[in-house]
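For reference, the structure is listed below as C-alpha cells.
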Amino acid sequence: MTGLLTFNKKYFLLAFIIFWTEVFIALYVHDAFVRPYLGDVLVVILIYCFIKSFFDWPVFNVALFVFIFSFAIETLQYFNGIEMLGLENSSLAKTVIGTSFSFWDLMTYVIGISVVLLVEKKSLKKN
C-alpha cells in the first residue's frame, strides 16, 4: 500500500468515538449480545478508522488489511498464541489479542468490514 502520511480528522474522530464506545462496553456491558458480538463488529471498524486517520490509502486496501489482520488474530487465538508468545500473565495482551477462538468472531469481523465497505461506497457516491 502506498500513500501519503496524512491526518484525517473525520476518521480520527470516528476512531476516538468507537474506541471509547468499546471501553464503555468492556467495562459496563455484561450481556450476551452487545459485548461479544457488537463489540467485535466495532473493533474492525475502529482499526479501519484509525488507519485511515493517518494514511491516505484506498478504502479496499485498508479494509482488506484489517480483515486479514482480524482473522490472523483470531487464528492466533485458535493456536493459543498468548501462551506461544509467553504472554499468559499479561492482562493487556489477553485483552488486546484475546484468549479464545470463536467462529462467531470471524462472522462479526465479516459484518464489520461489510459495514465499512457499504458506508464508504455510499460516501464516495455522495462526493
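Yes or no, residue by residue, for (1) in a helix (DSSP H, G or I); (2) within 22 Å of S100 (Cα to Cα):
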| position | (1), (2) |
| --- | --- |
| F7 | no, no |
| L13 | yes, no |
| I17 | yes, no |
| E22 | yes, yes |
| R35 | yes, yes |
| D40 | yes, yes |
| C49 | yes, no |
| N61 | yes, no |
Inset, instruction - State whether one or more residues within the stretch 13-36 are in contact with a Phe, Trp or Tyr (Cβ under 6 Å, 6 or more places away or on another chain) and surrounded by 13 or more Cβ atoms within 10 Å (Cβ to Cβ). - result: yes
Inset, instruction - Just give me the residues in the stretch 54-95 being among the small types (G, A, S) and under 21 Å from N8 (Cβ atoms), in sequence order. - result: A63
Inset, instruction - Pull up the stretch 101-127, narrow it to residues that are out of contact with any helix residue (DSSP H, G or I) (no Cβ under 6 Å at 6 or more places or on another chain) and not in a helix (DSSP H, G or I), then point me to the one that is nearest to L87 (Cα to Cα). - result: S102
Legend entry - Test for I45: is it closer than 28 Å to T99 by Cβ and without any contact (Cβ under 8 Å) to a residue 40 or more places away in the chain: no
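Throughout, read-outs are computed from the coordinates displayed, never taken from laboratory work. Predicted, not measured: the structure shown is a model, and the values here were computed from it. Because the Cβ atoms are built from the backbone with ideal geometry, glycine has one as well, and the counts that use them run over all protein chains shown.
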